[in-house]
Amino acid sequence: MDIVSATAGDATTTTPYRMRLLAGWADTGTTAGLAEHHRRYAPLPPAAFAGRGGPARLIGLVESSGLRGRGGGGFPTARKLAAVAAGRGPRTVVANGCEGDPAGAKDRVLMELAPHLVIDGILLAAHAVGAAEAVLCVHEDSSAIPVLAAALRERGATRTPIRIVEVTRRYVASEETALVSVLDRGDARPRGRFPRPTERGVRSRPTLVDNVETLAHLALIARYGDAWFRAAGTDDSPGTTLVTVGGAVNDPGVYEIELGLPIGAILQVAGGPLVPVQAVLLGGLGGTWLGPEFVRTPLSHAGCRTAGAALGIAAVIALPAAACGIAETARVLRFLADESAGQCGPCMFGLPAIADDMDELALMPDHAGRVAARLRSRLAVIPGRGACAHPDGAVRLAASALHVFADDVAGHAEGGPCRWVGQPSWMPVPAPAGRRR
Ligand SMILES: Cc1cc2nc3c(=O)[nH]c(=O)nc-3n(C[C@H](O)[C@H](O)[C@H](O)COP(=O)(O)O)c2cc1C
Ligand code: SF4
């Protein structure tokens, strides 16, 4: 897999930028063992955050760094740290390394190439919130498990014990309240938006659930400081991020880029478009389609928001001009509908219904106008009504498809069924037979 880096600013060239999370990999081409990790980043300063005020100093540093979560929501990390630290009784840290969205590969790459950075981040987060235990959740069949297990063995006893827990490979199983349920009862279903895990998580303890990339950035901020972290990225989205680039590009893979880099430049980092590209799916399968304006859209929270999108898991999938966005969206919606945990009506019934509508739009042109109207009315009533945000992502995807591929919808209405039916899909959606229930 090619891993390169780029800096913000120029949409056409890829200026070398010093990598952070993947620096060790860039230099050696191998997983960083503990000695290499220490050579690269130096051991964690043991005294830096010691003493009574140490944890608060660390949280303050994270706050001034502006670090935001890399698990999809972009929530300010310091606020979660502070909320858990302020909780009563024993606390827990859960590192989310599951990466349930098939559009992403960055967490697996990070854990395989820089496992000690993730471990440092977990230990620092545990120190900041005063947790006596930490759990690292990874999908049951992940190739990162042996690497992480070896890295933990290499560490020996750590100040906070870290155990690896294997989680079933389901899209919603890695939502934060689903992880809490897995750890408490072995049931990988979201349990509802409130109370948040920061208040009442694993065994009813205040629990910090953070993405593994977020924790790896925290490990670097603790070493090099807030100003260093902010030297890359934008005001609103500081730092670098790992981005997974897929679809019609020459070198699909995981790249570390500076936040704020235009998406057109990110495709160049990934070897450039394979064929002319009409749109990108941004943020994961429950993400947003962006039309040709993607070329200049900065990959930052503010930049994506201005374009009507969300950064999500920082995945970018390039869709060729010779592909049908409606048919591709229908495939993804079917996957998302099949992945519902089946416990909330709007999700259980609403997602299959919008997947059916999108299928109809692609395949039954006679009804296109009526089906599009029905689909729009369904999209208006689903968001915010599930126990987790899974249906909201599916609605975002469908709504953006109707907007970006409006010409396709009109074309289907006038010109018969989709011309691209039967073509291989550009979407990283597992075939139905291969899906895990
Ligand atoms: C359906 C669904 C699936 C999710 N899957 C993941 C995941 O695989 N990995 C992850 O880090 N966060 C995932 N999240 C987000 C988590 O709920 C949680 O917000 C995140 O782990 C917090 O970490 P962060 O603050 O570091 O971003 C998912 C959310 C939803 C709604
Ligand atoms: S909204 Fe869907 S995925 Fe989320 S808990 Fe309800 S049924 Fe499960």
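No value in this document is a laboratory result; all are computed from the given coordinates. Please read all numbers here as calculations on a predicted model, not as lab measurements. Heads up, the Cβs are rebuilt from the backbone with ideal geometry, glycines too, and the neighbour counts pull from every protein chain shown.
In region 240-319, the ratio of gyration radius to Kirkwood radius, Rg to Rh, stands at 0.90 when only Cα atoms are counted. Modelled this way, with points 7 Å down the Cα-to-C-beta line, the labels at E154 and A302 are 3.9 nm from one another. Note on the chain: helix-only mean residue ellipticity at 222 nm, from DSSP H runs of 4+ residues weighted -39500 (n - 2.57) and normalised by residue number, equals -12500 deg cm²/dmol.
Residue by residue, region 78-94 carries 3J(HN,Hα) couplings of 4, 5, 5, 4, 5, 5, 6, 4, 7, x, 9, x, x, 10, 10, 10, 10 Hz when phi is fed to the Karplus relation 6.51 cos²θ - 1.76 cosθ + 1.60 (θ = phi - 60°); x denotes Gly or Pro. Across region 325-434, Cα-Cα distances exceeding 23 Å account for 24% of all pairs.
Would you work out if region 319-376 is rounded, prolate or oblate? Take a ≥ b ≥ c from the square roots of the eigenvalues of the alpha-carbon gyration tensor; rounded if a/c is under 1.5, else prolate when a/b is larger than b/c, oblate otherwise. Here region 319-376 falls in the oblate category.
Using C-alpha pairs under 8 Å with a sequence gap of at least 6, the mean separation divided by the residue count of region 322-411 gives a relative contact order of 35 percent. Rg over Rh for region 18-230 works out to 0.93, both radii taken from alpha-carbon positions and Rh defined as the Kirkwood radius.
Scanning residues 5 or more positions from V135 or on other chains, those with amide H under 5 Å from its amide H are V93, V94, A95, R163, with H placed 1.01 Å from N in the peptide plane. Based on the Kirkwood approach, the hydrodynamic radius assigned to the chain is 22.1 Å, with every pair of different Cα atoms included.
Residues whose amide H lies under 5 Å from that of R200, counting only those 5 or more places away or on a different chain, are T207; hydrogens are built 1.01 Å from N in the peptide plane.
Among 252-259, 75-82, the peptide with the highest mean count of other Cβ atoms within 10 Å heads the list, and the full ranking is 252-259, 75-82. For the chain, the longest principal axis of the alpha carbon atoms and the long axis of helix 325-338 meet at an angle near 60°.
Here the contact order of the chain, divided by its residue count and restricted to Cα pairs under 8 Å and six or more residues apart, works out to 17 percent.
One chain, two ends: M348 and D187. Fully extended at 0.36 nm per residue, the span grows by 56.2 nm beyond their Cα-Cα distance.
Close amide H pairs (under 5 Å, H built 1.01 Å from N) link Q278 with L319, A321, residues at least 5 positions away or on another chain. Label positions at S377 and Y224, each projected 7 Å from the Cα along the C-beta direction, are separated by 5.5 nm.
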